[in-house]
Amino acid sequence: MQSFPKVLECISDLSKDQIEKLIHSANRLKSGYVPVGSRNLGRKFTPIVATSFLENSTRTKHSFAIAIKKLGAMYIDFNADTSSLKKGENLEETLLTLHYQGVDLCIIRTSVSGELNQFKKDPPIAIINGGDGINEHPTQALLDLFTMFEEGIDINGKTMAIIGDCKHSRVGHSLTSLIPMFGGKIIFCGPKECLPEDIPANCEATTNVDEAILKSDVLYTLRIQKERHSQKAAYYDNYEEEFGVNLKRLQRLDKKIPVFHPGPVNIGVELDYETIKSDLYLGYKQVTNSVFMRMAILKAMLIDA
Ligand code: CP
């Protein structure tokens with residue numbers, strides 16, 4: 001049996017069996033299961049978990065913080081801005097310093113795509129990728145799959161439309177690994193400069209949002225990430241009209257299908273206010289479930305490993 005990775009950088013670090021176990025574990029934790037020895041996670045000393053967010057976050061950072069506290073581990077909010085990273089210390093030395101201070105695991109968000117890959121061979125500390133540049137955001141995709149499971153959506157044989165900047169979205173990239181692993185097909189939809197260059201087998205791409213919606217069982221809308229573009233992209237101004245998912249569009253197409261978004265939503269761009277307040281929208285459930293999926297991942301790395 002494959003052991004749980006010490007560095008969880010991307011979805012392909014996990015087997016399908018490990019992901020199914022995480023979903024089962026998240027489900028048990030949500031229904032009130034308290035892991036044996038959770039006050040100190042079964043160890044002599046309470047494990048210490050740090051978050052190091054070198055990019056802004058509300059959902060990922062705080063859901064990890066809550067998950068750590070619910071498991072009874074000790075939480076350190078490592079502030080990169082006031083750390084010796086600002087004096088030029090590199091990330092490896094920083095992580096080794098945390099390790100020798102007794103930190104067991106560090107959750108890292110970075111703007112540098114693939115930055116955590118260097119630590120896989122000889123990890124200075126256990127690491128979870130909290131989103132790295134445009135590369136991957138594995139824990140987001142895992143909590144999305146857990147939400148689908150909870151909502152009774154079996155993606156096997158079904159189609160998910162991923163709508164937005166599919167090419168540069170780390171969430172989109174993690175879903176692109178995860179959904180086909182569970183038998184789902186993806187339709188990538190967005191402005192042509194936002195469509196992936198390589199379309200995986202059994203998936204397709206379109207610039208026509210109505211077509212994508214009509215062919216899909218689940219919609220996954222992505223945030224327009226203005227902060228990642230140095231210049232205003234040509235598609236910004238007409239995005240809502242051309243690619244926005246709104247109740248009027250869904251009603252016109254006669255589609256009542258679940259709508260996901262990783263957050264934060266640009267309301268009135270990717271989704272309208274009416275959609276996020278409707279029964280179709282699962283964004284708030286994704287947020288709730290993020291705590292339990294992240295507890296399950298921490299448990300797998302700190303207790304079960
Ligand atoms: N979904 C997500 O990563 O949100 P935050 O940027 O708020 O963490």
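For every residue, the table says whether it meets (1) crowded, with 17+ Cβ neighbours inside 10 Å; (2) outside the structural domain of Ala233 (by TED's automatic domain parsing); (3) under 26 Å from Asn246 (Cα atoms); (4) over 12 Å from the mean Cα position of the chain (by Cα).
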position	(1), (2), (3), (4)
Val112	no, yes, no, yes
Leu116	yes, yes, no, yes
Thr159	yes, no, yes, yes
Ile162	yes, no, yes, yes
Val171	yes, no, yes, no
Glu193	no, no, yes, yes
Glu197	no, no, no, yes
Cys203	yes, no, yes, yes
Asn208	no, no, yes, yes
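Mind listing whichever residues of the stretch 210-231 are surrounded by 18 or more Cβ atoms within 10 Å (Cβ to Cβ) and in contact with a strand residue (DSSP E or B) (Cβ under 9 Å, 6 or more places away or on another chain)? Residues satisfying the conditions are Ala212, Ile213, Ser216, Val218, Leu219, Tyr220, Thr221, Leu222. Residues that are open to solvent by 10 Å² or more (accessible area, probe 1.4 Å) and at pLDDT below 95 number at least 1 in the following helices (runs of 4 or more DSSP H) confined to the stretch 241-305: 283-302. Taking the criterion of being under 30 Å from Leu22 (Cα atoms), within 16 Å of the ligand (Cβ to nearest atom) and over 16 Å from the mean Cα position of the chain (by Cα), would at least one residue in the stretch 246-260 satisfy it? Scanning the stretch 246-260 turns up no residue that is under 30 Å from Leu22 (Cα atoms), within 16 Å of the ligand (Cβ to nearest atom) and over 16 Å from the mean Cα position of the chain (by Cα). The condition of being modelled with pLDDT of 95 or more and within 16 Å of the ligand (Cβ to nearest atom) holds for only one of Ser84, Ser113, that being Ser113. All of (1) within 16 Å of the ligand (Cβ to nearest atom); (2) modelled with pLDDT under 95 hold for Arg39 with one exception: (1). Looking across Gly190, Gly172, Gly263, one residue alone is within 16 Å of the ligand (Cβ to nearest atom), touching a strand residue (DSSP E or B) at 6+ places or on another chain (Cβ under 9 Å) and in contact (Cβ under 8 Å) with a residue 40 or more places away in the chain. It is Gly172. Only a single item in (1) open to solvent by 10 Å² or more (accessible area, probe 1.4 Å); (2) within 29 Å of Val34 (Cβ to Cβ); (3) within 16 Å of the ligand (Cβ to nearest atom) is not met by Ile134, and it is number (2). Scanning the stretch 74-127 for residues that are among the aromatic types (Phe, Trp, Tyr) and farther than 17 Å from Ser57 by Cα turns up Tyr100, Phe119. Which of the residues that make up the stretch 54-80 are open to solvent by 20 Å² or more (accessible area, probe 1.4 Å), out of contact with any Gly (no Cβ under 9 Å at 6 or more places or on another chain) and either within 9 Å of the ligand (Cβ to nearest atom) or not in a strand (DSSP E or B) (or both)? Hits for the stretch 54-80 are Leu54, Asn56, His62, Ile66, Lys69, Lys70, Asn79.
The values are calculated or read from the model by the stated rules, or taken from the named source; none is laboratory data. All figures in this text were calculated on a predicted structure; none of them were measured in a lab. Because the Cβ atoms are built from the backbone with ideal geometry, glycine has one as well, and the counts that use them run over all protein chains shown. SASA here: full protein model, heavy atoms, side chains in, ligands and nucleic acids out. Shrake-Rupley method; radii C 1.70, N 1.55, O 1.52, S 1.80 Å.
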